[in-house]
Amino acid sequence: MARSRARERELARRRYERRRLREQQLRAKRRKRNAIIGVVMASILVIGGVVWLAIALSSGKNSKVVAKPLDTPTPSASASAPAGPAPTKCAKIAPNPAAAGEPTVPPVTGKPPTTLVVKDIKKGTGAAAKAGQNLTVNYVGISCSTGKAFDASYPRKQPFSFTLGQGQVIQGWDKGLVGMKVGGRRELVIPAAMGYGASGSGSIKPNETLIFVVDLVSAK
């Protein structure tokens, strides 16, 4: 009888040990699984952060054309223009004015200039624009090679504002609008090197000479 009870206790002890061992193994597996899940989640978060950063940097690089309204006066058309040589002469501007309510654009004759040309069509009577000021302008932009308007603020009835001399617009604007007086109207003939360069932008062809008429509404 005593032996039978001892055997039962031994069997019970062994069953307990086996159960405890299984529980320990299960806990070890859960810890290992949780550790793997943690590593995978951390990796996903890191990869997601890298992808987000890459997208943010890419958006930052493209912001000149997409985010900033006028990394130059931005053309309203969005189709990519084919590459081509610089124009050898400017086409006749037609229609001129491009639309009702827009100013007439003085034609550019002969070979397009290789340096910035600034002409006051009408001199203003207000303060002269200088670097660092916030300018508000109306404008129309013409492509030299086609004689067609690629963008204008007049139809939108929404003047464009920017800080002069801060690289918010093309170099031809940053240089060509200095000294212009409020209330004035100025023509700018901008070579590609001071415009969109060899890459072009939207409907503006690479190496395009740009012709602008700009009205200075305010300078603050």
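Side notes on the structure shown:
- Residue, surrounded by the fewest Cβ atoms within 10 Å (Cβ to Cβ), within the range 178-210, restricted to residues that are under 14 Å from Gly141 (Cβ atoms) and over 23 Å from the mean Cα position of the chain (by Cα): Glu187
Table: residues versus (1) closer than 25 Å to Ala91 by Cβ; (2) touching a strand residue (DSSP E or B) at 6+ places or on another chain (Cβ under 7 Å); (3) without any contact (Cβ under 8 Å) to a residue 40 or more places away in the chain.
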{"position": "Asp151", "(1), (2), (3)": "yes, yes, no"}
{"position": "Gly172", "(1), (2), (3)": "yes, yes, no"}
{"position": "Pro206", "(1), (2), (3)": "yes, no, no"}
{"position": "Leu210", "(1), (2), (3)": "yes, yes, no"}
{"position": "Leu216", "(1), (2), (3)": "no, yes, no"}
{"position": "Ala219", "(1), (2), (3)": "no, yes, no"}
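- When Val40 is tested against the conditions (1) farther than 24 Å from Asn207 by Cα; (2) of a type in the set (Val, Ile, Thr); (3) at pLDDT below 65, the lone failure is (3).
- Here Gly167 meets the list (1) in contact with a strand residue (DSSP E or B) (Cβ under 7 Å, 6 or more places away or on another chain); (2) closer than 14 Å to Tyr196 by Cα; (3) modelled with pLDDT of 90 or more almost entirely, failing just condition (1).
- Note on the range 89-105: among residues that are charged (D, E, K, R) and surrounded by fewer than 16 Cβ atoms within 10 Å (Cβ to Cβ), the one that is modelled with the highest pLDDT is Lys92.
- Tally of residues being surrounded by fewer than 21 Cβ atoms within 10 Å (Cβ to Cβ), in contact (Cβ under 8 Å) with a residue 60 or more places away in the chain and either not assigned by TED's automatic domain parsing to the domain that holds Thr125 or not in a strand (DSSP E or B) (or both) across the range 154-170: 1
- Scope the range 118-148; condition surrounded by 14 or more Cβ atoms within 10 Å (Cβ to Cβ) and touching an Asp or Glu at 6+ places or on another chain (Cβ under 8 Å); matching residues: Val118, Ile121, Val137, Asn138, Tyr139, Val140, Gly141, Ser143, Cys144, Ser145
The values are calculated or read from the model by the stated rules, or taken from the named source; none is laboratory data. The structure displayed is predicted, hence computed values, not measured ones. Please note: Cβ atoms are built from the backbone with ideal geometry, for glycine as well, and neighbour counts cover all protein chains shown.
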